[in-house]
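One structure is given here, and the rest of the page talks about it.
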Amino acid sequence: MKNPPILISVIGFFALMAAFFYIFTGLRLIGFDWFGAFKDSQLTQGYWFWGVLWIIVGAIYAAAALALWSLQPWAWLFAVIMSIFGLVSAFFVMIDVGFAAALGAAVLPGIILWYLNTAEVKAAFAMPGDGDGV
């Protein structure tokens, strides 16, 4: 198994951190207390469905992180789709806040989308390159 490009490893790391966040928050919404760590906070009630949903999303992000590290082609597609969602979100930021904030929100998804479509990354994921007719 070959090593992934360094920025793919970084994207996978942040996907895993997002997975931990979603799983941790989902368990908290369900009511798990982590040995009294949240004894002074309000107890959530009626959020069991949303907690399970957050745990499922966290599992999807964890699977995507591991797939990025193992260079699975579906992980490349997942990262592209998430980058496009980020750009769409930046458009809605532009409508709500203004162009400067939207530009700031669009920079990272744009760079990631560009990077995912470079020849080096496509070759690492065994994806067809630009203009090779495959």
Original post:
Based on the Cβ-Cβ distance from residue 20 to residue 47, what FRET efficiency comes out when R0 is 22 Å, to the nearest 0.05?
Top reply: 0.70
**OP:** Might you tell me the accessible area per residue for segment 59-134, computed with a 1.4 Å probe and given in Å²?
**Re:** 58 Å²
Original post:
When you count, for each residue, the other Cβ atoms within 10 Å and take the mean per peptide, how do 113-123, 87-97, 64-74 rank with the highest first?
Top reply: 64-74, 113-123, 87-97
Original post:
If each of residue 13 and residue 120 carries a label point 7 Å out from its Cα toward its Cβ, how far apart are those two points in nm?
Top reply: 1.6 nm
Original post:
For segment 19-33, list residues with backbone N below 17 Å from a point placed 7 Å from the Cα of residue 72 toward its Cβ?
Top reply: 19-20
Original post:
When the accessible area of segment 72-134 is split by element with a 1.4 Å probe, what percent falls to carbon and sulfur?
Top reply: 75 percent
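The values are calculated or read from the model by the stated rules, or taken from the named source; none is laboratory data. Predicted model only: the values in this text are computed from it and were never measured. Positions of Cβ are backbone-derived with ideal geometry, glycine not excepted, and every protein chain shown enters the neighbour counts. The accessibility values were calculated without ligands, DNA or RNA, using every heavy atom of the protein model including side chains. Shrake-Rupley method; radii C 1.70, N 1.55, O 1.52, S 1.80 Å.
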